[in-house]
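Since every read-out is calculated from the coordinates, none of them should be taken as a lab result. For clarity, every value in this text was computed on a predicted model and none was experimentally measured. Ideal geometry is used to build each Cβ from the backbone, glycine not excepted, and the neighbour counts take in all protein chains shown.
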Amino acid sequence: MPSRPIPTQFDNRNVVELRGPKATLNEMEPYEFLVEKELLSDSQTGDSITVFLTNRECGFKCVMCDLWKNTLDESVNRGSIPFQIRQVLEKSTAAKQIKLYNSGSFFDSKSIPAEDHAEIASLCDPFENVVVENHPKLVDERVLGFRDRLKGKLEVAMGLETANEAVLARLNKQMTADDFKRAAGFLRECDIAVRTFVLLNPPFMSSGEDGIEWAIKSIEFAVKAGSGCVAVIPTRAGNGAMEVIEKEGLYTKPEIRSIERVMDAVLPIEEVRVFSDLWEMRKFAKCEACADQRISRLERMNFTQMPSEKIGCGECGGE
Ligand code: SF4
Ligand SMILES: [Zn+2]
């Protein structure tokens, strides 16, 4: 049977059609949590808890997103989200920061019931910094009520993905770089910190070199818009749509050496912490001989925000 042609523009319908099954989840349990060290905004390294909340799937359907795999089709009942958070706080150690990541937008009341905000905020009392994620289009006055309930500082994490307008328009993210800029400006005016997710090699980027150049430009764009922290995420396949795009040669899997190049270029920018997302980083290493050293190098750079000596490798010849 001939394969179907790649859609010229991905939309919610064809992104969903290409998907595999979701995980089976229970709304009374977060689907994961972790405690890790992070360089915090006070320049100290401290513990940070991330709670991956089980909730209704994000209303946007971005081409490269695989977060839907751990979401529900229906909204959760009032009280389930605080219940999930409480379970993690009973198990985990004290930390300075908590991230409440819901695979979508915290301020979308279909995902996180707005009636739960007060209880969620009081559960966050022990933390100096509270990070939630949200789509830039859903950043408005509703953020302020939650900010006011917190004892600690609020930080909103948003996906810019890329500042390349043509590529961004094809991601079905349904926003422009200007939408991101407006949202970041609003948050900064309201004394809310901004964290940004930038993709290395999003789909539809013409080459790996372009991927590096645009990751750097996108970080610079985010900083100019007021972001104090940027996480660089190597784009992964594995969600259905990305496989179709990869087959058409419109996605290049990033290499760990490209991530190093991005970090080398942006660490001199003083007003921002830039982290490389190290989750499953081994998958992006082409050479076994230097993979561990390169991952350690990225880890060092995450914690010090300083350039680190480059890795030479006799196997791959990589600097
Ligand atoms: S807005 Fe974020 S969570 Fe929602 S589909 Fe896009 S990338 Fe995924
Ligand atoms: Zn090597």
Cα-based reach from Lys173 at 15 Å (exclusive), listing aspartates and glutamates while leaving out same-chain residues under 8 positions away
Asp11, Glu57, Asp66, Glu133, Glu161, Glu165
Go through Lys22/Lys253; Lys224/Lys310; Lys69/Lys110 and tell me which ones have a Cα-Cα distance over 20 Å in this structure.
Lys22/Lys253; Lys224/Lys310
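Over the chain, consider all pairs of different Cα atoms and compute the Kirkwood hydrodynamic radius from their mean reciprocal separation; express it in Å, one decimal.
20.3 Å
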Per DSSP H run of at least 4 residues, take -39500 (n - 2.57); add these up for the chain, divide by its residues and hand me the 222 nm value, nearest 500 deg cm²/dmol.
-9500 deg cm²/dmol
What is the local net charge at Ser122, summed over the other residues whose Cβ is closer than 11 Å to its Cβ (Lys, Arg +1; Asp, Glu -1)?
0
Trypsin sites (Lys or Arg not before Pro), restricted to the range 197-290: which are DSSP loop and have at most 16 other Cβ atoms within 10 Å?
Lys286
Normalised per residue, the volume of the convex hull around the Cα set of the range 205-269 (Å³)
92 Å³
Antiparallel %, DSSP beta bridges [both residues in the chain], to 5:
20 percent
Where the centroid of each part is defined by its Cα atoms, how far is the range 1-64 from the range 244-319 in Å?
22 Å
Kindly state, to the nearest 0.05, the FRET efficiency for Ser206 paired with Phe303, given R0 = 25 Å and r defined as their beta-carbon distance.
0.15
Quick one: Debye curve from the alpha-carbon atoms of the range 1-107 only, equal weights, vacuum; give me log10 I(q)/I(0) at q = 0.10, 0.14 Å⁻¹ to two decimals.
-0.39, -0.67
Which of the cysteines found in the chain have nothing to pair with, since no other Cys Cβ lies under 4.7 Å from theirs?
Cys58, Cys124, Cys190, Cys229
Just name one of Ser103, Val139, Thr45: the one whose Cα is farthest towards the positive end of the charge dipole of the chain (beta-carbon charges, Lys/Arg +1, Asp/Glu -1).
Ser103
Would you mind calculating the gained length between Gln44 and Asp292 on full extension (0.36 nm times residue separation, minus the Cα-Cα distance), in nm to one decimal?
86.7 nm
